[in-house]
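What follows draws every value from the coordinates through simple rules; no lab data is involved. What you see is a predicted model, and the numbers here were worked out from it, not measured in a lab. Because the Cβ atoms are built from the backbone with ideal geometry, glycine has one as well, and the counts that use them run over all protein chains shown.
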Amino acid sequence: MAVTTALVLAGVAAAAGVASGIQAGNAAESQANAQANQLQAQANADRYNAEIAGQNAGVVAGQTEAQLDRADRERRLRMGTARAAGGASGIGLENFGDILQSSAAQEELNLLTIQSEGALRGREFTTGASLLNTSAQNSINQISGVKAAGKASKTAAILGGVSKGLGSFSGMGSSGGQGGSF
């Protein structure tokens, strides 16, 4: 009778160890799934932000083009006004030509500055979009590793619970002094 009671208690202890291992394994897998979901959410946010950055680059290009058009119109207006003023003042053609040439060079430099600044601002958005897309891909690449680690942790916890349960069973069977261990 004592051996039967010991075996029943050992079986209960073994079952408790297995149940504990399964519970710990499920918790490990749930944690891994939560981390994978977080990585997926981060990837989605990075992709969205990259799309917005790409759109902003397009907006900057349009704004730059509009600034160039406006600056060119203003440049032509100023040059025409300068020609008219020079003609009305009676300045000599040699002096007037030098003034117009210097003014035209400065106006061209202003246009190039607008174009360069716009290109730089557009590149900032394009580079930002590229970095965000890379970050999104890195998050996606980590998901499979996180899930695999979660499954490995689950398996280890279950096997640990089984081992603990069998150890309890084995220890109880031999400590009673009667019967043998299994």
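The table below lists the values:
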read-out	value
Between helix 93-175 and the chain: long-axis angle, C-alpha atoms, 0 to 90°, nearest 10	0 degrees
Cut-off 14 Å between beta-carbons: net charge of the residues surrounding ALA129, Lys and Arg +1, Asp and Glu -1	0
GNM top mover of ALA105, ALA88, ALA41 - the chain, alpha-carbon springs below 10 Å	ALA88
Most mobile listed residue (GLN101, GLN67, GLN23) in the chain, GNM with C-alpha springs under 10 Å	GLN101
Degrees separating the helix 2-89 axis from the principal Cα axis of the chain, which is the longest one	0 degrees
Alpha-carbon gyration tensor eigenvalues x 5, square-rooted, for the chain, Å	86, 11, 7
Ratio of Rg to Rh over segment 49-141 (Cα coordinates, Kirkwood Rh, two decimals)	1.32
Choice from ALA32, ALA148, ALA57 with maximal GNM fluctuation in the chain (Cα, 10 Å cutoff)	ALA148
Farthest toward positive dipole pole in segment 2-175 [+1 Lys/Arg, -1 Asp/Glu at C-beta], among GLY62, ASN141, SER163	SER163
Calculated [θ] (222 nm, deg cm²/dmol) that DSSP helices of n ≥ 4 give over the chain, each run adding -39,500 (n - 2.57)	-36000 deg cm²/dmol
Point-to-point label distance, GLN101-ALA61, nm (Cα→Cβ direction, 7 Å offset)	3.8 nm
